[in-house]
Structure formats: structure tokens, C-alpha cells
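One structure, pasted below without further comment.
The values are calculated or read from the model by the stated rules, or taken from the named source; none is laboratory data. Since this is a predicted model, take the numbers as computed values, not measurements. When we count neighbours, we look across all protein chains shown, and the Cβ atoms used for this are built from the backbone with ideal geometry, even at glycine.
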Amino acid sequence: MSVHPKSKNIMNNLANSRKSVFITGCSQGLGLELVTVFSTNGWNVIAGVRNLNNIDSRLHLPNVRLLKLDVEKAEDISALGEELADLPIDVIINNAGIFKDDNFETGAADEMLQMYSTHAIAPFLIMQKLLNNILLGSNKTIAVISGRMGSFNSYAGSGCYAYRASKAAANMITKTMAYDLRDKNVKVIAIHPGWIKTKMGGKDAKVCPRESASGIFKLINNTDEIETGVFYTFEGQKLEW
Ligand SMILES: NC(=O)c1ccc[n+]([C@@H]2O[C@H](COP(=O)([O-])OP(=O)(O)OC[C@H]3O[C@@H](n4cnc5c(N)ncnc54)[C@H](OP(=O)(O)O)[C@@H]3O)[C@@H](O)[C@H]2O)c1
């Protein structure tokens with residue numbers, strides 16, 4: 001297997017025998033907890049953060065490698081191909097997300113476009129770019145951290161147009177890609193992580209980030225039980241799209 005010099009560095013620094021996961025949006029919240037849970041369970045973690053300065057000390061772990069990745073920046077996503085060339089990746093978790101509580105009066109094009117870019121276009125481009133890495137891995141699983149608010153049948157309520165529409169688009173990309181990649185034995189799923197106590201979820205949220213991340217780890221680690229093209233909760237239950 002030919003290995004790009006840059007990815008060789010990453011491989012040299014990570015034990016090859018371990019499973020590996022690539023996660024976006026790891027500076028805080030659910031992403032940070034996912035890094036902690038996967039790494040303490042013996043996985044290698046490639047953790048995308050948009051700012052390599054001011055890194056949370058919990059990300060400084062021997063089996064964690066940090067990668068500068070702003071998912072809104074096409075050049076950062078393009079660079080992934082080179083950075084990770086030929087590196088087997090077992091699981092990709094598209095986690096980076098943003099939220100703005102708009103309504104019928106305040107909804108605006110720029111926020112809609114930004115959320116669409118972050119929640120739908122970025123996971124699509126990342127999955128395109130890293131398909132070869134996933135095919136080299138053993139779990140062959142791609143997860144999109146979506147949310148019940150992007151579901152037509154599992155959620156009702158007003159407002160949050162930009163967020164809900166962008167997560168619905170992410171769900172459609174997940175479902176379509178699951179169809180397209182089924183012959184390659186790649187599983188593509190969406191996950192509702194619960195209403196989590198993070199910057200986004202706020203202090204009234206019901207689920208602590210560690211509980212959500214542990215549930216997601218359990219779901220993903222149990223690859224044989226995962227059905228492709230399914231929308232799961234972090235507790236492993238199926239949700240309607
Ligand atoms: N919290 C909830 O209740 C809830 C419910 C349903 C679904 N979700 C979904 O769960 C995921 C994680 O949310 P969270 O609660 O952990 O939110 P959070 O605490 O606000 O963290 C969001 C993370 O995404 C990163 N991010 C945002 N835009 C990015 C970009 N352009 N490039 C790279 N990273 C970017 C942030 O980085 P910075 O630190 O640089 O800003 C941060 O690390 C999101 O997809 C969210 O939609 C959350």
C-alpha cells in the first residue's frame with residue numbers, strides 16, 4: 001500500500017493495530033466527548049477542529065491526532081485527501097454543527113446557507129473525499145450527527161427554519177448515500193444525539209454529553225447490528241425520517 005508522506009506521519013504516530021475514527025467539530029460539546037469515549041476505548045482518533053490554537057487539554061491524548069478542519073472551507077476539505085491519503089479509517093462521524101433560533105419573521109438567507117453548508121454540504125464532500133479511506137478500514141461506517149428536528153415524521157414544532165431544513169437535507173444525503181454505497185458494504189446512518197447539555201443544547205438539556213457519546217460509541221462499535229440507511233437515536237432506537 002503506498003502511503004502519502006503526510007498520512008505516513010499520522011500512521012507512524014498512531015498504533016496501526018487499533019481501529020480508527022475520524023470526527024469533525026471536536027473542540028467542545030459532543031465532539032469532544034466522542035473523542036474521549038473512542039480514545040479511552042482504545043481507538044485511534046483523528047479529531048477535526050477549526051482552530052488549532054486554544055485546544056482543550058482533554059484532546060491531548062496519545063492516540064488522538066488533531067487536524068485543522070473548518071468544514072465550511074472547501075480548501076480544508078480538499079486538503080483531507082492529501083493529509084489522510086491511503087490511511088484506513090473505520091468510522092467517520094460528521095458532528096460539526098451550528099444553531100440559530102430563527103422564526104418565520106427572522107429567518108434569513110445567509111444563515112440558511114451557512115447551516116446548509118455546515119450540516120449537509122460538508123458531510124457530503126467529506127464522505128466523497130474519504131470514501132477510499134473507509135473502504136480500506138474494516139467497520140466501513142459513516143455517521144451523520146443529525147437531530148430529530150430534521151425529521152419530517154418524528155418532530156413537530158415551529159421555527160428554526162435554517163437548522164431544521166439543513167438537518168433534513170443532511171438526512172436525505174445520508175439516506176441517498178446509504179443507497180449508493182450499499183454494494184461497497186459501507187453503512188451510512190444518521191444519529192439523533194439527544195437534547196444534550198452543550199453550548200448548543202443549553203443548560204436545560206436532558207442528556208449529558210458523556211451519556212450521548214457513550215451511546216453513540218456503543219451503537220457504532222456494534223457494526224454488525226447497524227442497518228444502513230437508518231436514522232438512530234443515541235440509544236440505538238430507530239427514528240422515522
Ligand atoms: N446539543 C443538542 O441538544 C443537539 C441536539 C441534536 C443534534 N445536535 C447536533 O450534535 C452536533 C454537536 O452539537 P453540540 O451540541 O456538541 O454543539 P456545540 O457544543 O455548539 O459544538 C459544536 C461543535 O461544532 C464545531 N463547529 C461548528 N462549525 C464548524 C465548522 N465550520 N468547522 C468545524 N467545526 C465546526 C464547533 O467548533 P467551535 O468550537 O470552533 O465553534 C464545536 O466543536 C451538531 O451537529 C448538532 O447539530 C445537538
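Could you list, in sequence order, all residues of segment 139-148 that are away from the ligand (no atom under 13 Å from the Cβ) and of a type in the set (A, V, I, L, M, F, W, C)?
Hit for segment 139-148 is Ile142, nothing else.
Sticking with this one: Please list, ordered by first then second residue, the pairs with beta carbon atoms under 6 Å, 6 or more apart or interchain, first in segment 69-83 and in a loop (DSSP other than H, G, I, E, B), second at pLDDT 95 or above and basic (Lys, Arg).
Partner pairs satisfying both residue conditions: Asp70/Arg50.
Has segment 29-36 got at least one residue that is within 12 Å of the ligand (Cβ to nearest atom), out of contact with any strand residue (DSSP E or B) (no Cβ under 8 Å at 6 or more places or on another chain) and either in contact (Cβ under 8 Å) with a residue 12 or more places away in the chain or more than 25 Å from Arg210 (Cα to Cα) (or both)?
The answer is yes; a qualifying residue exists.
Would you be able to say whether some residue in segment 89-106 is touching a Leu at 6+ places or on another chain (Cβ under 7 Å) and surrounded by fewer than 19 Cβ atoms within 10 Å (Cβ to Cβ)?
Checking segment 89-106: not a single residue is touching a Leu at 6+ places or on another chain (Cβ under 7 Å) and surrounded by fewer than 19 Cβ atoms within 10 Å (Cβ to Cβ).
Follow-up question, since we're still on this one. Just for segment 37-62: of the residues that are away from the ligand (no atom under 14 Å from the Cβ) and part of a loop (DSSP other than H, G, I, E, B), which one is nearest to the chain's Cα centre (by Cα)?
Checked segment 37-62; the qualifying residue nearest to the chain's Cα centre (by Cα) is Trp43.
What are the residues in segment 149-207 that are more than 9 Å from the ligand (Cβ to nearest atom), free of Cβ contacts under 8 Å to residues at least 40 places away in the same chain and over 18 Å from Trp241 (Cβ atoms), if any?
Answer for segment 149-207, where residues must be more than 9 Å from the ligand (Cβ to nearest atom), free of Cβ contacts under 8 Å to residues at least 40 places away in the same chain and over 18 Å from Trp241 (Cβ atoms): Asp183, Lys203, Asp204.
If you check Ile191, Ile196, Ile226, which single one turns out to be under 15 Å from the mean Cα position of the chain (by Cα) and buried (at least 16 other Cβ atoms within 10 Å of the Cβ)?
Ile191
So which residues in segment 84-100 are over 24 Å from Lys187 (Cβ atoms) and modelled with pLDDT under 95?
Lys100 - this is the single residue of segment 84-100 that is over 24 Å from Lys187 (Cβ atoms) and modelled with pLDDT under 95.
Let me ask something additional. Checking the condition modelled with pLDDT of 95 or more, in contact with a helix residue (DSSP H, G or I) (Cβ under 7 Å, 6 or more places away or on another chain) and farther than 21 Å from Ile134 by Cα, which residue from Leu67, Leu61, Leu32 passes?
Result: Leu32 is the single residue among Leu67, Leu61, Leu32 that is modelled with pLDDT of 95 or more, in contact with a helix residue (DSSP H, G or I) (Cβ under 7 Å, 6 or more places away or on another chain) and farther than 21 Å from Ile134 by Cα.
Does segment 94-116 include one or more residues that are in contact with a Lys or Arg (Cβ under 7 Å, 6 or more places away or on another chain), closer than 20 Å to Phe231 by Cα, within 15 Å of the ligand (Cβ to nearest atom) and outside any loop (DSSP other than H, G, I, E, B)?
No.
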